[in-house]
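Presented below is the structure to which this report refers.
The values are calculated or read from the model by the stated rules, or taken from the named source; none is laboratory data. Owing to the predicted nature of the structure, the values given are computational and were not obtained by experimental measurement. Glycine gets a Cβ as well: all are built from the backbone with ideal geometry, and neighbour counts include every protein chain shown.
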Amino acid sequence: MADKGHISESTRRDGMLGGMRFWFVLGLLALLVLCLAFSWNTRDAMAHLSFLRGSNAAGPNSQLVDLRPWQTAQILAALAVTAEETELARAAERNADHEVDQAFAAALREAGMKRSALTGEALALSQKVARIQQTVNDEQARVDSLTKAAKPSSAPATDTSDLDVAKAQLGLDSDELADAQQDLARAGGDDRERIQRELAAHEASMKQYDAQASNPAEGAVVSAQRRGSLAGRVNAWLDQRTRYQLVEQAVQQADADAAALAVKHEATESQGNVAASAGSQAASADRAAILANLKDRSARSQLLAIYDDRIESHKQLGAIYRKWDAQLLLQHRIVLHLILQSLALIAFILVCVILLDALAVHFVERPTLDRRRAHTLRVVFKLGTQLTGALLVLLVVFGVPSQMPTILGFTTAGLTVVLQDFIIAFFGWFVLMGKNGIRIGDRVEINGVAGEVVEVGLFRTSMLETGNWTDKGQPTGRRIAFLNSFAIRGQYLNFSTTSQWMWDEIRFGIPAAGDAHGLIELIRKAVVEETDADTSLAEAEWKRDSSKSALGQLSAEPAVEMRPGASGIDIVVRYVTRATDRFDTRNRLYERVVALLQNPPAPSETASGSPPRLS
């Protein structure tokens with residue numbers, strides 16, 4: 001038993017996930033685990049400002065001036081949604097731009113102070129640059145004096161070899177000065193040129209940024225109310241959380257930068273106090289030392305003023321970002337209020353659906369109403385209520401589609417494909433009600449089912465089934481309904497002409513012994529006598545319609561066929577009769593045939609010179 005259970009379990013498992021399907025699902029699960037793991041590992045990529053993760057690292061592409069305040073304000077300004085956020089973003093941009101300008105000014109002064117305290121190779125290069133600079137200045141003065149001493153162009157040409165030599169020497173020394181300045185910059189002795197390049201690049205980017213005018217934003221309440229769908233409000237709520245986290249990082253960074261500048265201010269001020277004490281003690285020193293000390297103290301004083309300005313700028317930035325946080329919290333509450341309204345509306349729709357369903361059950365389940373009809377009405381009403389409720393919930397969740405004409409076009413095309421049978425059935429009604437259509441009371445055959453038409457509706461045609469014309473003619477008691485689309489897609493057989501004439505037949509067998517030919521002739525005469533009146537009327541009506549069809553060339557005369565059978569001779573009699581009189585005519589013919597079979601005629605009564613005429 002255990003083996004059988006194991007085999008059945010393995011067979012069932014193979015049937016559910018067998019072969020390639022198992023490995024495909026396994027591969028998808030592995031991919032899902034990897035995606036989730038990497039997504040968790042990089043979860044902070046969208047929630048943090050990348051340039052706030054650390055200070056500017058030293059390197060070949062690193063900047064000497066910290067541009068993070070401006071970068072933070074620029075990125076946060078791009079994320080602003082409402083008019084209030086945009087105003088705070090612009091204020092933050094102005095303060096950040098001012099802070100960066102002051103940072104460049106401080107960097108230039110720090111570079112000048114750094115140059116006065118060079119040592120080693122940098123000091124030697126600085127002295128070399130000073131010597132060459134003095135030489136270039138002297139040569140420039142000599143070139144200017146020679147140029148002034150030269151005669152006017154209207155005078156006779158004089159020897160200008162001294163001026164040309166002086167210009168050539170000036171050019172050579174200028175190139176040497178440029179090379180020495182580059183060597184000094186590489187040795188770390190002078191960063192002012194690089195700072196100037198960074199300042200020029202920043203000013204160019206500022207001009208480009210100011211040229212891009214931003215579109216006016218809407219107020220917080222108006223912007224939140226425009227998100228009419230629950231999905232849009234939830235998305236706005238999540239976006240606000242992300243912006244709040246980014247602004248919080250900007251607040252922390254502004255406070256950290258202000259604290260760092262305060263420490264730097266204290267250190268510079270202490271160095272200035274030490275330098276002032278040293279200068280007062282060295283009053284007896286030479287004038288050059290006194291002048292250098294005074295310039296250093298002046299530069300430090302200017303630097304301290306710049307530090308104070310930058311600290312105040314960072315404090316203002318922090319205050320602006322805190323106001324932005326407060327504005328985001330207010331918008332958070334507004335959007336949360338709207339989300340709760342959407343959820344309340346969804347709950348109201350669901351309650352209405354449940355109450356309407358209960359109300360339908362109360363009105364439908366009544367003793368006076370047919371049970372089957374009541375069940376049908378309940379199912380239809382329940383389905384319609386649920387579909388309407390689902391549509392309303394979807395509209396609340398996702399809102400009204402923006403591309404309504406396109407959506408209506410696709411919906412109409414889809415409904416046309418789905419409801420094509422009903423559309424064709426509707427137009428088929430016009431065909432059925434035409435001249436060559438069908439009417440109530442006609443005998444027709446549709447898709448192999450024969451019956452009498454009792455109703456011709458806009459979409460369906462109903463009839464009472466009577467079975468096959470040649471095998472069964474009695475009503476079966478079943479009511480059959482067809483879509484009117486059969487009138488266009490296929491064909492239908494209408495056995496009802498002007499007087500509803502139709503061909504009918506009867507079958508019976510006679511013994512082969514005796515005068516079979518005579519008996520067959522008597523049967524034919526009996527059929528002719530019973531159907532003579534119908535035959536004449538049918539031929540007359542068919543001849544009247546000969547101008548529109550070929551029925552006028554057909555004969556309505558009865559036909560009798562004999563075929564060899566297992567117990568004798570099988571007789572098949574075909575004749576024309578009215579559809580409404582079919583059963584009466586058939587009963588009369590059966591009575592005559594039975595009478596002839598019970599009392600067969602004597603051979604002398606049917607003797608003739610020729611056999612009976614058969615069809």
Check the stretch 41-55 and report whether any residue there is modelled with pLDDT of 65 or more and aromatic (Phe, Trp, Tyr). no
Given (1) modelled with pLDDT of 65 or more; (2) crowded, with 17+ Cβ neighbours inside 10 Å, where does Pro612 come up short, assuming only one miss? (1)
Which residues, counting only those in the stretch 228-279, are touching a Phe, Trp or Tyr at 6+ places or on another chain (Cβ under 7 Å) and charged (D, E, K, R)? Lys264
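Is it the case that some residue within the stretch 216-229 is surrounded by 12 or more Cβ atoms within 10 Å (Cβ to Cβ), charged (D, E, K, R) and at pLDDT 75 or above?
no
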Matching residues, the stretch 71-105, being small (Gly, Ala, Ser), in contact (Cβ under 8 Å) with a residue 12 or more places away in the chain and assigned to a helix (DSSP H, G or I): Ala73, Ala77, Ala83, Ala89, Ala91, Ala92, Ala96, Ala103, Ala105
Any residue that is of a type in the set (Ser, Thr, Tyr), under 27 Å from the mean Cα position of the chain (by Cα) and at pLDDT 85 or above - is there at least one of those in the stretch 388-399? yes
Unmet requirement for Pro367, which otherwise passes all of (1) in a helix (DSSP H, G or I); (2) more than 30 Å from Gln252 (Cα to Cα): (1)
In the stretch 554-591, what residues are under 11 Å from Glu505 (Cα atoms), of a type in the set (S, T, N, Q) and not in a helix (DSSP H, G or I)? Thr577
